[in-house]
Amino acid sequence: MGKTVLYLFAASLVLSSYTINNDDAKNKKDKQYSLAEEHIKNLPEAPEGYKWVVNEDYTDEFNGRRLNTAKWHAKSPYWTNGRPPATFKAENVSVKKGCLRIINTVLSPTEGLDGKPGDKYSLAGGAVASVKNQAHYGYYEARMKASLTTMSSTFWLSNRPVMKEIMKGGKKIKTWSSQELDIIETMGIIRSVNPDNPWNKTWNMQMNSNTHYWYQEQGGKRTDNTAKRSDVVSYMTDPSAEDFHTYGCWWVDANTVKFYYDGKYMYTIKPTTKYSDTPFDRPMFIHIVTETYNWEKQVPTAEDLKDKDKSTTYYDWVRAYKLVPIDE
């Protein structure tokens, strides 16, 4: 009889411990996403019958001591080498004092593709990518401060090409297509401006967003198909390297994306329907990238990158939300 009582007592202790551990895990999870949940009040009004909820797969406050590798790749597996002269380095990515940080550095010696000897790359930035690649319709936002350099600070979504066979000229041919949703691309400093076409003169204080529908036919070249903005309220923002600002988009459906700056609506882009009636219907992964652009010829020098603070893009948080029926 005594042994039975002891066994029951031991079992109750195990059950109590399990319950406490479960409660602790739930409280920790609730705390982890409490700021994102509180932020819902700042999102666009949800359609009738729906509500916004946090999409935990792509939400991170970056409050830990290191990158959460369950959510993020320190170096993107989707884009492993950057646009010359800057490549991507995992060691340029860190999490410190509540921010994801990507620092831009000089490579010495220079490198070729995949870190091999060569002179293709003389600079390094970073390309953080989400582990999961099923980001779909919803709201995506980052609070970011750009580096004070001529390297980019960006936040965007993309997917891998898919192959489809079509009939053309009586023959069956292969085609490939992929999509890219640029929420923000900016630089802290603009140095290369063409006086005859100064389209980028204020690029560091604009909401630079876009949708790309990449398309290629068998035997042909890959083409980039973008779309014009509509229902524009404004393009202009504060200088992107002066302070933190939020850059967001509501990916409404396969044909509509709305963009927001510091919670304020800016404009809408309707992706091209040249190749598909529902061009943006495929899920994507997230990219958080610093890189060089081929139109900015004055890339950073070693002197430009001496100041680590000015050479770093800071991401305070990345938050994602999805719509669910109110009764869920």
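Data for the structure
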quantity: Helix-derived mean residue ellipticity, 222 nm - over the chain, DSSP H n ≥ 4, -39500 (n - 2.57), to 500; calculated: -3500 deg cm²/dmol
quantity: Phi-based couplings in Hz for the range 127-134 (Karplus 6.51, -1.76, 1.60; Gly and Pro marked x); calculated: 9, 8, 9, 5, 5, 8, 10, 10
quantity: Stokes-Einstein translational diffusion, the range 202-328 - Kirkwood Rh over all Cα pairs, 1.306 mPa s, 10 °C, in µm²/s; calculated: 90
quantity: Using θ = phi - 60° and Karplus 6.51 cos²θ - 1.76 cosθ + 1.60, couplings along the range 142-156 (whole Hz; Gly, Pro as x); calculated: 10, 9, 9, 10, 6, 6, 8, 9, 8, 9, 6, 10, 9, 8, 7
quantity: Relative contact order, percent, the range 200-328 [alpha-carbon distance under 8 Å, six or more residues apart]; calculated: 19
quantity: Unsatisfied cross-links (Cα-Cα over 22 Å) in the set Lys97/Lys120; Lys31/Lys322; Lys75/Lys132; Lys264/Lys322; Lys132/Lys270; Lys168/Lys228; calculated: Lys97/Lys120; Lys132/Lys270; Lys168/Lys228
quantity: Relative contact order (%) - criterion: Cα under 8 Å, at least six apart; region: the chain; calculated: 25
quantity: Whole-Å distance, taken between Cα centres, linking the range 114-179 and the range 216-237; calculated: 14
quantity: Full-extension gain in nm, Lys264 to Lys164, via 0.36 nm per residue minus C-alpha separation; calculated: 32.1 nm
quantity: Peptide ranges 144-154, 297-307, 88-98 listed from the most packed, as the mean C-beta count within 10 angstrom indicates; calculated: 144-154, 88-98, 297-307
quantity: Most mobile listed residue (Tyr139, Tyr293, Tyr260) in the chain, GNM with C-alpha springs under 10 Å; calculated: Tyr293
quantity: D_trans [Stokes-Einstein, Kirkwood Rh over alpha-carbon pairs] for the range 119-245, 20 °C, 1.002 mPa s, µm² s⁻¹; calculated: 122
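Read the figures in this text as sums done on the coordinates, not as results from a lab. From a predicted model like this one, the values you see are computed outputs, not experimental measurements. No Cβ is skipped: glycine too gets one built from the backbone with ideal geometry, and neighbour counts run over all protein chains shown.
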